[in-house]
Amino acid sequence: MASKCTVPAVRDRKVTQGADPLVMLTAYDAPGARMVDQAGADMILVGDSVAMVVLGYDDTLQVTIDDIAHHTAAVARTRPSALVVADMPWMSYHVSVEETVRNAASLVRAGAQAVKLEGGRRRLPMVEALVAAEIPVMGHLGLTPQSVNAMGGFKVQGRDAQAALDLVDAAKALAHAGCFAIVLEGVPSPVAALVTGAVDVPTIGIGAGPDCDGQVLVFHDVLGLEHRVAPKFVRRYADLHTAGVDAMSAFADDVRSGAFPSIDEGYRMADDEVEALGLYGAA
Ligand code: KIV
């Protein structure tokens, strides 16, 4: 079994200092967490993407702290070697510092070893309070899906020089406030490279090009569990949607033809008991 990945170990993983890139994948339940862990990922993110890839919503705004706690607990029960990071859903860290800490604590009690939240300077009081409460925080900048309405859609961020410099500034502020890593989502590759060079904590990219200290993808995207149009940064490593439909079609064919179940797939009964059943049936 691989040794447990910890927050301090992740914090030290800067590629420029000779570290291997970090690998993070999402998972939302026990079988998914076991697969991600056996694949050797450093971190499992219980992402609020669960809203879109599992629960069928169009955005991430519908999931609550209880939803994330429920999925975090399922992942944590597998006792993975990977670090378990739970997403703080929209409105769980926006109202007050006190509410933020209480909500994050419920994710820790569900089994998270760290939490992730979206946004820059406006989140600094929340990040500082969490760190003061000994709750490790991962930042998330760029295309932050919880801002979908404010951004006017899921749009690449930091495309002009000023916006790129603002991202660098926000990343530095998050790192200074105590974030142990920062997700960079949907930003041009040169911007991600600039941010990565500007902070001493690892950056983890998704749609942010190769010059980050690690990469994260969503479980369902990597495995091709859906055939919906995916963003250009998604690389599908399998087509489990087709494999799954084929397997279930074969099951349906076997049921309809009588090929399933076979005698060996049923339970036997002693001959005298079968005989006795016949006797009772006749009575
Ligand atoms: O919710 C999620 O899956 C995420 C990743 C895309 C970084 O936040």
When restricted to 118, 134, the only residue assigned by TED's automatic domain parsing to the domain that holds residue 72, of a type in the set (D, E, K, R) and within 12 Å of the ligand (Cβ to nearest atom) is 118
| said: When you scan the stretch 39-61, do you find a residue that is among the polar types (S, T, N, Q), farther than 23 Å from residue 14 by Cα and either within 12 Å of the ligand (Cβ to nearest atom) or assigned by TED's automatic domain parsing to the domain that holds residue 169 (or both), even just one? | reply: yes
Hey, residue 4 among the charged types (D, E, K, R), open to solvent by 60 Å² or more (accessible area, probe 1.4 Å) and either within 27 Å of residue 175 (Cβ to Cβ) or outside the structural domain of residue 141 (by TED's automatic domain parsing) (or both) or not
yes
Given the conditions (1) small (Gly, Ala, Ser); (2) more than 12 Å from the chain's Cα centre (by Cα); (3) open to solvent by less than 20 Å² (accessible area, probe 1.4 Å), every one holds for residue 51 apart from (2)
When residue 70 is run through (1) in contact (Cβ under 8 Å) with a residue 12 or more places away in the chain; (2) not polar (S, T, N, Q); (3) not in a helix (DSSP H, G or I), the failure sits at (3)
Filtering the stretch 94-110 down to residues that are farther than 29 Å from residue 81 by Cα and in a helix (DSSP H, G or I) yields 97, 98, 99
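The values are calculated or read from the model by the stated rules, or taken from the named source; none is laboratory data. Small disclaimer: the values here were computed from a predicted structure and weren't measured. Using ideal geometry, Cβ is built from the backbone for each residue, glycine included, and neighbour counts are taken over all protein chains shown. In case anyone asks, the SASA skips ligands and DNA or RNA and just uses the protein heavy atoms, side chains included. Shrake-Rupley method; radii C 1.70, N 1.55, O 1.52, S 1.80 Å.
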